[in-house]
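**Student:** Below are the structure tokens for one structure; questions will follow.
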Amino acid sequence: MEFKGAMGGLYRITEWISRIAFSNVLWTLCSSPFLFFIVMKFMLMATGQGGANEQVVLNWGLAITAPFTVFPATSALFTVVRKWVMGNTDVSTFKTFFLGYKENYLKSMLGGLIYTLLFVVMYFDVTIYMTQMADFKIVGILMLVLMIVLMVSMFNFFSAVVHYQMTFKQVMTNSILLTIARPIRVFTTLVAGLVLAYIGLRYPALYFVCIPTLIAMVAFFNFYATYNKLQLQAETRKRQEEEALEAERSVGNKGSEEISEKVNLSKETPDEEQPRL
């Protein structure tokens, strides 16, 4: 039964709320080991309990669980929002989520290992340069900027994993190249993600209801817009090359016809008489 008017609008709004909330709950459940360490870390920071050793243990817990839990779960979430952004909103959220989880687990896990390792190295570099080497703070700032760029490329990584049929190496390469080649889209994704993250900090319950899904939707929307633009440019370039090739062929055919006409005319003209000896 299809509702119209205000009732139809209200129905569509509640339908979207339920979709977003349900997909977010699935992501939370699959990421629960990683989220457990995050919650514990924030609780210790908020209460002032626990020392440096506890924080180190929690950081190691985050680094170990991230590649095997939150990365595959986020890939599955991007599988769902990809369908929505591309206009297929009637798919089963549960089925699509776990199908994407299964199909992209290996690539997501490998990407998680690489990204986690890079984040750990950069985190230590930023901490050392910013706190213990005052003369090299500029290096720490540059490393912090690289961390931010790496984070945005991670969103492109998830989008590429669920959208392309590529090898893992190609996915990693394309996610980095898209991040560098489209700085405006990078900035848009970053600003939207920071705004949503800030809202989540003000109202932490939203993290379990909608924030991760909304960030994924914004990230894939920007990725898909970039993808469509690149596709259009590629098609335009291909069409121009075909038109140029066709023009060259037509010029070549025209030249061949002119040569043929000259040859025919020369055959029709009688040869001059040779002088007698």
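**Student:** Taking region 99-126 only, how many residues are more than 15 Å from Ala160 (Cβ to Cβ) and in contact (Cβ under 8 Å) with a residue 60 or more places away in the chain?
**Tutor:** 1
**Student:** Is it fair to say Asp135 is among the acidic types (Asp, Glu), closer than 25 Å to Gln165 by Cβ and open to solvent by 70 Å² or more (accessible area, probe 1.4 Å)?
**Tutor:** So Asp135 fails the test.
**Student:** Then there's this: One residue is enough: does region 26-35 have a residue meeting the conditions under 19 Å from the mean Cα position of the chain (by Cα) and within 23 Å of Val161 (Cα to Cα)?
**Tutor:** So far as region 26-35 goes, yes, one or more of its residues are under 19 Å from the mean Cα position of the chain (by Cα) and within 23 Å of Val161 (Cα to Cα).
Per-residue answers, yes or no, for (1) closer than 23 Å to Tyr227 by Cβ; (2) among the polar types (S, T, N, Q):
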| site | (1), (2) |
| --- | --- |
| Tyr123 | no, no |
| Ser153 | yes, yes |
| Leu177 | yes, no |
| Val186 | yes, no |
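**Student:** Name the residue, out of Asn222, Asn253, Asn264, that is assigned to a helix (DSSP H, G or I) and modelled with pLDDT of 85 or more.
**Tutor:** So the residue among Asn222, Asn253, Asn264 that is assigned to a helix (DSSP H, G or I) and modelled with pLDDT of 85 or more is Asn222.
**Student:** Can you tell me which residues in region 194-214 are among the β-branched types (Val, Ile, Thr) and free of Cβ contacts under 8 Å to residues at least 60 places away in the same chain?
**Tutor:** Val195, Ile199
**Student:** Restricting to region 163-215, and then to whatever is of a type in the set (Ser, Thr, Tyr) and either touching a strand residue (DSSP E or B) at 6+ places or on another chain (Cβ under 8 Å) or in a helix (DSSP H, G or I) (or both), can you tell me which residue is most open to solvent (accessible area, probe 1.4 Å)?
**Tutor:** Ranking the qualifying residues of region 163-215, first place goes to Tyr198.
**Student:** Which one is modelled with the lowest pLDDT among residues in region 89-105 that are in contact with a helix residue (DSSP H, G or I) (Cβ under 8 Å, 6 or more places away or on another chain) and surrounded by fewer than 15 Cβ atoms within 10 Å (Cβ to Cβ)?
**Tutor:** Restricting to residues being in contact with a helix residue (DSSP H, G or I) (Cβ under 8 Å, 6 or more places away or on another chain) and surrounded by fewer than 15 Cβ atoms within 10 Å (Cβ to Cβ), the top hit is Thr89.
**Student:** Of (1) more than 22 Å from the chain's Cα centre (by Cα); (2) buried (at least 21 other Cβ atoms within 10 Å of the Cβ); (3) β-branched (Val, Ile, Thr), Val80 satisfies all except one. Which?
**Tutor:** If we test Val80 against (1) more than 22 Å from the chain's Cα centre (by Cα); (2) buried (at least 21 other Cβ atoms within 10 Å of the Cβ); (3) β-branched (Val, Ile, Thr), just (1) comes out false.
**Student:** So, in region 41-63, of the ones that are open to solvent by 40 Å² or more (accessible area, probe 1.4 Å) and not in a helix (DSSP H, G or I), which residue ends up modelled with the lowest pLDDT?
**Tutor:** Among those residues, the one meeting the criterion is Gly50.
**Student:** Would you confirm whether any residue within region 121-132 is modelled with pLDDT of 85 or more, open to solvent by 50 Å² or more (accessible area, probe 1.4 Å) and over 26 Å from Ala192 (Cβ atoms)?
**Tutor:** Yes, the conditions are met somewhere in region 121-132.
The values are calculated or read from the model by the stated rules, or taken from the named source; none is laboratory data. Since we're looking at a predicted model, the values are computed, not measured. FYI the Cβ positions are ideal-geometry reconstructions off the backbone, even for glycines, and counts take in every protein chain you see. Areas reflect the complete protein model, heavy atoms only, side chains present, ligands, DNA and RNA absent. Shrake-Rupley method; radii C 1.70, N 1.55, O 1.52, S 1.80 Å.
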